[in-house]
Amino acid sequence: MKGTLHLMSAAGALRLAATAAPAMAGTTADLLKRLHEKSILTDDEYQELARGQSAGATRTTAAPAPAAT
């Protein structure tokens with residue numbers, strides 16, 4: 001249960017960070033690394049979220065910028 005809560009919290013933080021500007025993309029990776037170092041995320045959770053973050057960063061940087069209004 002506790003592990004699930006940690007994973008859900010980390011996933012929520014990752015989703016929030018993924019919506020930030022591409023200039024902050026390194027911040028998400030740093031956050032995941034720190035959570036892993038502090039044993040908040042297990043090795044498996046860290047790898048899963050890091051893969052998701054990397055795929056999300058690729059989509060975010062590949063998407064066109066919104067039109068200025």
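Can you report the number of residues in the range 40-55 which are in a helix (DSSP H, G or I) and of a type in the set (S, T, Y)?
Number satisfying all stated conditions: 2.
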### Task
Within the range 28-39, track down each residue that is surrounded by fewer than 16 Cβ atoms within 10 Å (Cβ to Cβ) and under 12 Å from H6 (Cβ atoms).
K38, S39
### Query
Does K2 count as modelled with pLDDT of 75 or more, loosely packed, with under 13 Cβ neighbours inside 10 Å and over 17 Å from A55 (Cβ atoms)?
no
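The values are calculated or read from the model by the stated rules, or taken from the named source; none is laboratory data. Given the structure is predicted, the values throughout are model-derived calculations rather than measurements. Because the Cβ atoms are built from the backbone with ideal geometry, glycine has one as well, and the counts that use them run over all protein chains shown.
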